[in-house]
1. Would the range 186-193 turn up any residue that is crowded, with 18+ Cβ neighbours inside 10 Å, touching a strand residue (DSSP E or B) at 6+ places or on another chain (Cβ under 8 Å), of a type in the set (G, A, S) and not assigned by TED's automatic domain parsing to the domain that holds W381?
2. I want to confirm something. Restricting to the range 348-377 and keeping residues that are at pLDDT 95 or above and among the charged types (D, E, K, R), which single residue is most open to solvent (accessible area, probe 1.4 Å)?
3. Consider the range 302-329. How many of its residues are in a loop (DSSP other than H, G, I, E, B) and open to solvent by 20 Å² or more (accessible area, probe 1.4 Å)?
4. Tell me, please, whether a residue that is small (G, A, S) and open to solvent by 20 Å² or more (accessible area, probe 1.4 Å) can be found in the range 409-421.
5. Quick one: count up the residues across the range 39-52 that are surrounded by fewer than 20 Cβ atoms within 10 Å (Cβ to Cβ) and assigned to a loop (DSSP other than H, G, I, E, B).
6. Quick one: in the range 59-102, of everything that is within 16 Å of the chain's Cα centre (by Cα) and part of a strand (DSSP E or B), which residue is surrounded by the fewest Cβ atoms within 10 Å (Cβ to Cβ)?
7. Looking only at the range 254-282, which residues are farther than 15 Å from T503 by Cα and in a loop (DSSP other than H, G, I, E, B)?
8. Quick one: in the range 156-173, of everything that is under 13 Å from S134 (Cβ atoms) and hydroxyl-bearing (S, T, Y), which residue is most open to solvent (accessible area, probe 1.4 Å)?
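The values are calculated or read from the model by the stated rules, or taken from the named source; none is laboratory data. Since the model is a prediction, treat every value here as computed from it, not as a measurement. Because the Cβ atoms are built from the backbone with ideal geometry, glycine has one as well, and the counts that use them run over all protein chains shown. For the accessible areas, the whole protein counts, side chains as well, though only heavy atoms, and no ligand, DNA or RNA atoms are used. Shrake-Rupley method; radii C 1.70, N 1.55, O 1.52, S 1.80 Å.
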Amino acid sequence: MAQVKRLLLLLLCVCSTARLVQSKVHFYSWEISYQFKSPDCYKKLAVTINGETPGPTILAQQGDTIVVEVKNNLLTENVAIHWHGIRQIGTPWFDGTEGVTQCPIVPGDNFIYTFVVDRPGTYLYHAHYGMQRSAGLYGLIQVAVPDGFVEPFAYDDDRSIILNDWWHNSTYELATGLSSIPFVWVGEPQSLLINGRGKFNCPAAQPTSSCNATNPECSPFVLTVVPGKTYRLRIASVTSLSALNFEIEGHNLTVVEADGHYVKPFVVKNLNIYSGETYSVIFTANQDPSRNYWLAVNVVSRKPGTPTGTGILNYFPNHPNRPPPTTAPPASPPWNDTEYRFKQSVDARAHPNYVLPPPPTSDRTIILLNTQNMVDGHMKWSLNNVSFNLPHTPYLIAVKENLRHVFDQRPAPETYDYRNYDIYAKPKNPNATTGTPIYRLGFNTTVDVILQNAKMPGNSSSETHPWHLHGHDFWVLAHGHGKFDPERDPKRYNLVDPIMKNTVALHPFGWTALRFRADNPGVWLFHCHIEAHFSMGMGVVFAEGVDRVGKLPTSIMGCGESKNFLGSP
């Protein structure tokens with residue numbers, strides 16, 4: 001028996017050593033600063049990483065460790081960076097969410113993020129302080145599969161693009177308008193960017209502005225392909241407001257990955273993508289090789305006030321700057337065709353060979369009604385009539401250290417009066433309250449969350465909301481029209497092959513049902529990924545297994561009452 005134990009121990013050591021040999025550590029040193037940039041030809045201040053926006057793409061392999069040293073060189077602003085889609089298993093304090101998992105990085109300070117990329121796929125990183133994401137602090141994370149693993153689709157080359165919307169007003173102006181009385185909406189973006197490049201109509205700019213149509217910073221993004229080759233194109237959206245529709249003129253796209261999970265392949269002419277989502281599509285360069293083709297990005301779900309964002313699909317050896325012969329890029333489907341977008345959401349299923357079935361039942365159901373409300377004269381968004389507000393002491397520190405007085409200890413509302421609430425009528429109670437309550441989840445329990453959309457006050461619209469869950473992936477059990485019925489609708493849940501995601505769309509006048517396991521110790525934000533909506537209160541916080549979280553690093557402290565822990569050993 002002793003010999004068997006020694007043999008098992010030796011085998012364990014060999015396996016552990018093999019994992020250490022295979023895994024790598026990737027070091028990055030980033031300086032965050034304001035720089036004058038002209039991504040759409042209009043010169044304005046942008047938040048950059050080492051002088052650039054978008055920031056560098058993080059390239060790694062499953063199981064690798066990422067170390068990012070961040071130096072905040074912004075003179076008057078704090079910084080925090082969220083690693084969107086990375087679950088931070090064992091490192092909840094490095095999720096990069098100011099007010100939830102860490103104190104922000106103050107001007108002049110350094111902060112080191114260290115985490116493991118535990119799953120292959122396509123992910124994002126972006127600012128999670130104020131509205132800095134809309135100012136340019138964002139980038140891609142690409143995690144490759146382990147050596148020897150064969151993915152369920154074939155391609156000759158791997159490419160990526162990141163999509164964004166762009167305002168000429170500063171983030172200070174945008175944020176101040178949202179919190180003002182009277183309320184000032186951010187308005188539609190001036191441009192749509194593909195890999196940080198767009199084209200604003202300079203003659204339409206103010207005479208005093210610096211808009212130069214010949215600036216090389218705003219030359220079109222070019223994706224060069226070889227005729228006959230097949231490409232994997234990773235597409236990520238980090239928009240602050242816009243739902244987008246992406247198309248490659250004349251080429252079909254086969255969807256194969258969503259938010260790091262393999263999808264049962266389905267073909268689209270164009271792809272609807274919401275803020276925070278990532279997809280991989282396969283396409284073949286099988287069209288007339290004597291010409292180039294448009295890459296086109298259009299706004300959907302909101303009445304567009306922004307021109308089409310364009311790039312060029314360049315068939316080698318044509319000149320990369322040779323414009324396509326068609327004068328106009330492809331138009332998107334009608335912006336208000338909800339059914340078209342709803343169908344894509346429903347068509348996304350897990351790949352047959354990579355199905356991870358959800359638990360057949362849940363231990364708890366939380367129904368969240370999204371409404372727009374007023375609080376003391378300020379326009380807010382709320383969930384079950386509570387508009388989310390960040391405390392001065394981050395939740396993770398407060399819960400771990402039992403600082404019960406720094407945030408609201410009353411239970412967050414589990415549901416709303418769904419029997420009597422009319423989602424199509426003007427809200428009867430336009431007023432909400434602000435609060436800092438959290439949802440305390442039993443560790444390892446299964447939780448269902450139902451997102452319910454409704455009519456906005458003052459008009460007949462209901463907006464699309466992309467919801468992102470930190471620290472987890474969830475199963476998308478169903479999308480539905482109208483009002484969710486907790487007695488009838490759970491019977492239609494897809495428990496066979498639901499797609500897993502970290503970001504999901506809530507469609508106008510509809511509902512979305514998701515399920516997840518509360519199995520990642522920490523405190524995690526769940527929020528609308530539209531920057532203005534989150535700024536206006538559209539978010540909640542889940543806490544689970546915090547007693548299992550290790551000793552918190554002092555590097556995440558320094559704000560609110562966490563200052564008291566900086567001197568502790």
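1. Yes, that holds for at least one residue.
2. Filtering first and then ranking leaves D363.
3. Taking the range 302-329 and keeping what is in a loop (DSSP other than H, G, I, E, B), we get 302-308, 316-329.
Remaining after also requiring open to solvent by 20 Å² or more (accessible area, probe 1.4 Å): 302-305, 307-308, 316-323, 325-329.
Qualifying residue count for the region: 19.
4. Quick first cut of the range 409-421, residues small (G, A, S) only: 412.
From the residues that got through so far, the ones that are open to solvent by 20 Å² or more (accessible area, probe 1.4 Å) too are none.
No: the range 409-421 contains no residue that is small (G, A, S) and open to solvent by 20 Å² or more (accessible area, probe 1.4 Å).
5. Filtering the range 39-52 down to residues surrounded by fewer than 20 Cβ atoms within 10 Å (Cβ to Cβ) leaves 43, 45, 50-52.
Subsequent filtering for residues that are assigned to a loop (DSSP other than H, G, I, E, B) retains 43, 50-51.
So the answer is 3.
6. Start the filter on the range 59-102 by keeping residues that are within 16 Å of the chain's Cα centre (by Cα), which leaves 80-88, 95-98.
Still in the running and part of a strand (DSSP E or B): 81-84, 98.
On the way: I81: 30, H82: 26, W83: 25, H84: 25, E98: 21.
Per the stated criteria, the residue is E98.
7. K269, N270
8. Y172
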